[in-house]
Amino acid sequence: GKGVINFNGSAAQNFNQSGALVNDVDFNINNSAGVTFSSATTINGTLSLTSGILTIPNGVTVTIANGTAIGGSAFGATKHINTQVGGATHGFFQVDNMSALGAYTLPMGNGTLYLPITLTPATLSSFSVGVFTGITEDGLPNGTAFTAGKKAGVVDAVWTINRNSGTSCDMTLDWPASLEGATFATYTNAQIGISHWDNPNWGTSVGTGNNTLNTATRSGVSVFSPFGVGTTPYILPIKF
């Protein structure tokens, strides 16, 4: 009734699930060369990232069914979940039964850079997420790229966050300094926020940020996918 699948090879490993996994089977990624889940997989136990990168190919969704936290922190550039892109889509990592009012860290990245998402849902929720670098006008992988001038004022990445069930949530996005545009790197914390792609344009950036820790937080989000990080509207202090 209980088991663990350990991926602890020394060369890259591939997992292609065939048939249903019965009962609570845990998955432990412990391979510095990386592990790829090449087919849709539902984990009823726990997922731990002990070492290496878990790759989810384009068109594949890996799901944690019971909302358990991902083990193996601290995560980073060499230990995260990589959702690969293909055309206008990418792979997804999904968490069902995410508890209300508890911060849940999704250790996402692109296989090289660490771009985590932290969600705090207002009610019991389910979310599917993915990230890619190279911000686009339509918020999709391989879409029309921002011009160099536009990229100067943003973080050059897109976080795709889809709500499958639930209401609203608070979100925090993290990024490495290497993705900051030249202008963005000079912003004060009050000038940093999270923008939602409102179709057909990116909306106003809202929230607060930290240009030392490279984080941005937006509260009470109820409309989802995709998101980027840029400058918030701000008022210069003046005196008459």
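Here are the numbers for the structure shown:
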| quantity | calculated |
| --- | --- |
| For segment 88-137: rounded, prolate or oblate by the Cα gyration tensor [a/c cutoff 1.5] | prolate |
| Spin-label proximity, Asn164 to segment 10-51 - amide N less than 11 Å from point 7 Å beyond Cα toward beta carbon | 41-43 |
| Solvent exposure of the chain as accessible area per residue, Å², 1.4 Å probe | 44 |
| In nm, spacing of pseudo-spin labels at Thr204 and Thr183 (7 Å Cα→C-beta vector) | 1.8 |
| Packing rank of 167-173, 20-26, where each peptide gets the mean count of other beta carbons within 10 Å, highest leading | 167-173, 20-26 |
| DSSP bridge pairs, the chain: antiparallel proportion in percent, nearest 5 | 60 |
| Cut-off under 5 Å, modelled amide H: who pairs with Ser225 long-range | Ile161 |
| FRET efficiency estimate (nearest 0.05) - Cβ-Cβ, Ser38 to Ala148, R0 35 angstrom | 0.45 |
| Segment Thr105-Asp24, extension gain: residue separation times 0.36 nm, minus the distance between their alpha carbons | 27.0 nm |
| Within segment 204-228: backbone nitrogen closer than 16 Å to the Ala77 label point (7 Å, Cα to C-beta) | 214 |
| Gain upon complete extension [Ser219, Ala65; 0.36 nm per residue less C-alpha separation] | 52.9 nm |
| Surrounding net charge for Val4, when Lys and Arg each add one and Asp and Glu each subtract one, Cβ distance under 15 Å | -1 |
| For segment 1-117: rounded, prolate or oblate by the Cα gyration tensor [a/c cutoff 1.5] | rounded |
| Whole-percent carbon and sulfur share, accessible surface of the chain, 1.4 Å | 53 |
| Candidate residues Thr41, Thr112: accessible-area rank, largest first, probe 1.4 Å | Thr112, Thr41 |
| Net charge, Ile161 excluded, C-beta distance under 13 Å - Lys, Arg +1, Asp, Glu -1 | +1 |
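The values are calculated or read from the model by the stated rules, or taken from the named source; none is laboratory data. All values reported here derive from a predicted model rather than from experimental measurement. Note: ideal-geometry Cβ built from the backbone for every residue, glycine included; neighbour counts use all protein chains shown. We work out accessible area using only protein heavy atoms, side chains counted, and drop any ligands, DNA or RNA first. Shrake-Rupley method; radii C 1.70, N 1.55, O 1.52, S 1.80 Å.
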